[in-house]
1. Quick one: which of LEU19, LEU61, LEU49, LEU57 is crowded, with 18+ Cβ neighbours inside 10 Å and more than 23 Å from the chain's Cα centre (by Cα)?
2. Can you work out which of the residues in the range 65-123 that are β-branched (Val, Ile, Thr), over 23 Å from the mean Cα position of the chain (by Cα) and under 19 Å from MET147 (Cβ atoms) is surrounded by the fewest Cβ atoms within 10 Å (Cβ to Cβ)?
3. Contact list please: Cβ distance under 7 Å, first residue in the range 84-98 and at pLDDT 90 or above, second residue in a loop (DSSP other than H, G, I, E, B) and basic (Lys, Arg), pairs at least six apart or on different chains.
4. Please tell me if ARG268 is among the charged types (D, E, K, R) and either within 30 Å of ASP44 (Cβ to Cβ) or in contact with a Lys or Arg (Cβ under 8 Å, 6 or more places away or on another chain) (or both).
5. Could you check how many residues of the range 345-391 are charged (D, E, K, R) and surrounded by 21 or more Cβ atoms within 10 Å (Cβ to Cβ)?
6. Check whether at least one residue in the range 278-286 is surrounded by fewer than 23 Cβ atoms within 10 Å (Cβ to Cβ), under 17 Å from PRO414 (Cα atoms), at pLDDT 90 or above and not hydroxyl-bearing (Ser, Thr, Tyr), and report yes or no.
Amino acid sequence: MGCTIADRHAQFLSWKEILANQGDLSRLASEQCISLWNQYKHLDNYPPLWGDEIEYLIVSLDRQNKTATLALKQQDVLEKWEVYSQGRQMAFQLHPESMIFMVEGVAKPPFGDSIQAMSQVENNMRERRVAIQSCMGTDELPLTIPMFPRLGASGKFTSTGLMTSKRLYSHVISEDLFSHFERSKVLSDNLRARRCIIAEANVPIFRDANTAWPWKDDSVDWGQFKENTSLPLPTPSVNCVLLDHFAWSGGACGLQTTFQAKNLDEARSLHDQLCPLSAIMLALTAGSPCYKGYLVDTDSRWHVTNALVDDRTMEEILSKSGMEKNTVTSQMRWSFSPLYASHNDHIPKGHQSYSTGNAETRALFEEAGMDTNLSEFFSHMLKFDHLILDSKHLEPKSPSDTYHFRALIGSLWPDIRLKPPLDGTDPGIGWRVEFRPMEVQVTDFENAAFVVFMALMRRAISHFKLSLYIPMELVGENICRAVMRDAVNQSLFWFRECVLPQASGDSSSSYLSESDSKLTRGYREMEALD
């Protein structure tokens, strides 16, 4: 959800303005998707470079009173960074993030595929932290935890006061918390305007011997907030903490890794093999057990973000399909990637699940030469509406312009993202796959360990041609289990019994038999640490 320096000069359209042009935008995005595919489908022999992204909270410490609050100093840190980095040979870059108390550090140039390169990851992360720290005050620090535990809590949770008049869409969160880079603020406004209701996530409270039951979130006091909005108010659930603002999604920190593939076919295959790993790594890295100062009965930020960036209208929510279970669905912008992307003959029979992408769009892609799975994959993306659009790009600037397609997929957040090459800005960048479910850890050692593990896993997948396929609906079921409290120790996850290619590629394997139970189809429920 991060911002870029280019967003500083953007003039983003409101939802009303976008809606007036939505038909043309959808057509342009489809045409540009085909153009991009035609232009880059034959790219080959790209090196297996990779990199990571870490989001940091800017925290102010009051050592005398032993308290910590969020420091709203993104702009100050970025300005000092520009001075700090001038004339230095940096192995990373610093970018703005969604909220004014966050920044993001990105490895650049990317790491190579050697063991020596992997051994440099932790030191690179340490250098990032030192550099960010040098741009802060002596009583401030860059903190790497997924969610600030007192965001929105009663009392003071930021280092400076917030205007109560700016609490336009939340009972506790001010609009002042958005980054000065307007993208995230506009995105939040347009999400809300499309769904016509205020965002809402009711997170179950953790019950122990000292928790009154039934429990009520006593921070919910609508007060003046009722006068600031005409939208229906969220409904607090009993025994739940109410979260009603984009800040609890855009203000959460993740740990992402991006891998460059040799070509499009390898990127599609890598995307597929990482899908079944998503829930496992989410459970292994889960670190969000606290919201608004309360311990909750879940451990991950995933389901909270999933709900708070949901742009579906009530009608769309009520018409969701059968595979969409619990709070995680394939029809939401933040979700598991609901489709395998490889050619159909690479995917075991019965393991693919098809989206509700527009049939006309699928036909258009197939007519252009895409195979069935890839046309289905892209048509699923294109069924969503544009939510973020720079007014200067309302019309294409040239026949090769792909802004409208990229703007659309940039407002979708699947756990595994297939990323196309950039438009001529850097010919050294090919097809990439971004692995997005992991939560950031407290120490650089832990973050480096998870990042390097995923880099080694990518190498193992490619070298041994591993096949990790399980039915896509079970990938979604695994995500639902991964967000639960202590899921890494308490939950079972569906996984393949044998990942070697000669076993999983045999079309006569017993797991393809319709009469067999799941236990004899080549996958079963396993512990995350099996």
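1. Working: LEU19 fails: crowded, with 18+ Cβ neighbours inside 10 Å; LEU49 fails: more than 23 Å from the chain's Cα centre (by Cα); LEU57 fails: more than 23 Å from the chain's Cα centre (by Cα).
On inspection, the qualifying residue turns out to be LEU61.
2. THR67
3. From residues that are at pLDDT 90 or above, the pairs are PHE92/LYS108; GLN93/LYS108.
4. Working: among the charged types (D, E, K, R): yes; either within 30 Å of ASP44 (Cβ to Cβ) or in contact with a Lys or Arg (Cβ under 8 Å, 6 or more places away or on another chain) (or both): yes.
Spelling it out, ARG268 is indeed among the charged types (D, E, K, R) and either within 30 Å of ASP44 (Cβ to Cβ) or in contact with a Lys or Arg (Cβ under 8 Å, 6 or more places away or on another chain) (or both).
5. The initial filter retains those residues of the range 345-391 that are charged (D, E, K, R), namely 345, 349, 360, 362, 366-367, 371, 376, 383, 385, 390.
Retained after the next criterion (residues that are surrounded by 21 or more Cβ atoms within 10 Å (Cβ to Cβ)): 362, 376.
Residues meeting the conditions: 2.
6. Yes; the residues of the range 278-286 include at least one that is surrounded by fewer than 23 Cβ atoms within 10 Å (Cβ to Cβ), under 17 Å from PRO414 (Cα atoms), at pLDDT 90 or above and not hydroxyl-bearing (Ser, Thr, Tyr).
Conditions tested, residue by residue: (1) of a type in the set (Val, Ile, Thr); (2) touching a residue at least 12 places away in the same chain (Cβ under 8 Å); (3) assigned to a helix (DSSP H, G or I); (4) in contact with a strand residue (DSSP E or B) (Cβ under 7 Å, 6 or more places away or on another chain).
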| position | (1), (2), (3), (4) |
| --- | --- |
| LYS16 | no, yes, yes, no |
| ASP24 | no, no, yes, no |
| ARG27 | no, no, yes, no |
| PRO48 | no, yes, no, yes |
| ASP52 | no, yes, no, yes |
| TYR56 | no, yes, no, yes |
| GLN64 | no, no, no, no |
| GLN75 | no, yes, yes, no |
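Matching residues to (1) at pLDDT 90 or above; (2) of a type outside the set (Asp, Glu); (3) at negative phi:
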| site | (1), (2), (3) |
| --- | --- |
| ASP176 | yes, no, yes |
| ALA193 | yes, yes, yes |
| ALA212 | no, yes, yes |
| VAL241 | yes, yes, yes |
| TRP248 | yes, yes, yes |
| ALA267 | yes, yes, yes |
| ASP272 | yes, no, yes |
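The values are calculated or read from the model by the stated rules, or taken from the named source; none is laboratory data. In this text the structure is predicted, and so the values were computed from the model without any measurement. We place every Cβ from the backbone using ideal geometry, glycine too, and count neighbours over all the protein chains shown.
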